[in-house]
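The values are calculated or read from the model by the stated rules, or taken from the named source; none is laboratory data. In this text, all values refer to a predicted model and were calculated from it rather than measured experimentally. Every residue, glycine among them, receives a Cβ derived from its backbone with ideal geometry; neighbour counts consider all protein chains shown.
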Amino acid sequence: MTEALYPELPILLVDDEEAWLRSLALTLRGALGINNLIRCSESRKVMEILSEQDIGMVLLDLTMPYLSGEDLLQMIGQEYPEIPVIILSGLNQLETAVRCMQLGAVDYYVKTEEKERLIGGIQRAMAARSLRQENRRLKKQVLDGELEHPEIFATIHTTSRKMQSLFQYIEAVATSSEPILITGESGVGKELIAKAIHQLARPQAPWVAVNVAGLDDNHFSDTLFGHTRGAFTGADRERRGMIEEATGGTLFLDEIGDLSLVSQVKLLRLLQEGEYFHLGSDVPCKARASFVLATNVDLEALQNKGAFRRDLYYRLKAHHVHIPSLRERLEDLPVLLDAFFDEAARTLNKKKPAVPHGLAELLSTYAFPGNVRELRAMVFNALSLHKSHKLSFDYFKQAIGFGQTDAPPQPESTAPEEETGVAFPNRLPTLDELGELVVTEAMRRAKGNQTLAASFLGITRQGLSKRLKKLQVPEES
Ligand SMILES: Nc1ncnc2c1ncn2[C@@H]1O[C@H](COP(=O)(O)OP(=O)(O)OP(=O)(O)O)[C@@H](O)[C@H]1O
């Protein structure tokens, strides 16, 4: 397998000494895993290289024949202000360093003395550049209000404004070298979103998904890092870990809220240093995969209880996608119903029934603790049981416990406060007044659908129609 290039945009090393270029390339590879480098020992070629391809960063020597580092720094600043330039000089001279910084260099290092500092400086410059890129993309998307790759999100059915904004954010951060955290209740579509991120950033590269729930620390380490032969009893051959399998692509770690504290330390080191050890080996390996992590647990609450490391939590929060529950975007019900009826009909080899009028309104009274997954299963069940020409409400009413006193409990947040109890003003309303209130409320909840409002009230549609006429409430449908 060919090795994936890191970072995504090459770093250009410019120095007239070939030997120094070679040694710097080796240092960067060893310390940071950087293998996407262009070496240039001819100062007059630098601008040509920059005009021919996108470059992520330039490391520039100061003293060179023909064009000096300062000349080049100025030219790069004028033509490519977005490219960070780090100066590497043989001289430890304060005035030169100050001049270079004034000309726009992001840092200045003395070649032989400051390799360690240089490595940290390059890491910071790469992170700053990628943040700037993300900010630019985000700004552009907020201004345009449009997605660059709507086709990637085509299988995620939604009309919700919140979801559209999430898609824009995802487009902006998908290629980041930082890990991306996806949170949301079970069944909201976290894995779908993780796959979209993969498709946006690295569609041709491997996608590897690991559910870490229930893995003790040994299993977690063995699964992710792999082991050497003889690492433990029974390890009679070497095994590649999932990180290696995901080289160049995406490693999706699901249910990270379930990780033990010991495994969290290892995960943090992996995300922070990009390094890990095979079980049974003390030779560090570089991870060359991008990380997308998901959980349906509230990590902040877990962190407050001491069950999730604070440093890991903050590391993950940098790029955070929170998917709202289905009950927070009930406007998605009609498109989801339509898509799932379509899918179910194809899968079950049945004719797609017309979605009964008012079904979305009926379902909007339910809390959907299992979110989109639950809705999808409901549609598949309804269609597999369905025989007559017209799909009836009955199956759905039963599934959501509609009208039953032992209906499944609904999460507290589903109903606004005023809907959770009945509060009367000091004067009790008369029965007629109460009837009017209940009918009006049923019509509101059913969004004007009389069949549905009638079923909320436990009366016939004709009965409701009569009451509406008496009350002079407009009849919408
Ligand atoms: N917006 C959507 N459009 C179409 N299908 C969706 C949507 N959201 C979720 N689904 C479907 O719902 C099911 C659950 O989605 P997914 O597995 O991504 O959820 P999850 O949040 O990762 O769940 P869990 O936390 O249980 O792992 C899948 O069949 C998925 O295809």
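Within segment 350-401, restricting attention to residues that are within 15 Å of the ligand (Cβ to nearest atom) and of a type in the set (S, T, N, Q), the residue that is farthest from Ser186 (Cα to Cα) is Asn381. One residue is enough: does segment 304-321 have a residue meeting the conditions touching a strand residue (DSSP E or B) at 6+ places or on another chain (Cβ under 6 Å) and among the acidic types (Asp, Glu)? No, because not a single residue in segment 304-321 is touching a strand residue (DSSP E or B) at 6+ places or on another chain (Cβ under 6 Å) and among the acidic types (Asp, Glu).
Residues in segment 243-286 that are touching a residue at least 12 places away in the same chain (Cβ under 8 Å), of a type in the set (Asp, Glu) and within 20 Å of Leu181 (Cβ to Cβ): 3 in all. Where strands (runs of 3 or more DSSP E) fall wholly inside segment 159-275, the ranges with 2 or more residues that are within 24 Å of Asn304 (Cα to Cα) are 180-183, 250-254. Quick one: is Gly121 at pLDDT below 90 and touching a Lys or Arg at 6+ places or on another chain (Cβ under 6 Å)? No, not satisfied. Here Arg39, Arg29, Arg99 are screened, and the one residue that is of a type outside the set (A, V, I, L, M) and in contact with a strand residue (DSSP E or B) (Cβ under 7 Å, 6 or more places away or on another chain) is Arg39. In the set Leu200, Leu138, Leu192, only one residue is more than 9 Å from the ligand (Cβ to nearest atom), aliphatic (A, V, I, L, M), surrounded by fewer than 17 Cβ atoms within 10 Å (Cβ to Cβ) and farther than 20 Å from Ile243 by Cβ; that residue is Leu138. Considering the conditions (1) of a type in the set (A, V, I, L, M); (2) within 37 Å of the chain's Cα centre (by Cα); (3) part of a helix (DSSP H, G or I), Ala97 is excluded by exactly one of them, (2). The conditions of being in contact (Cβ under 8 Å) with a residue 24 or more places away in the chain, more than 13 Å from the ligand (Cβ to nearest atom) and under 20 Å from the mean Cα position of the chain (by Cα) are met by Ala318. For the criterion of being away from the ligand (no atom under 14 Å from the Cβ) and modelled with pLDDT of 90 or more, Ala339 fails.
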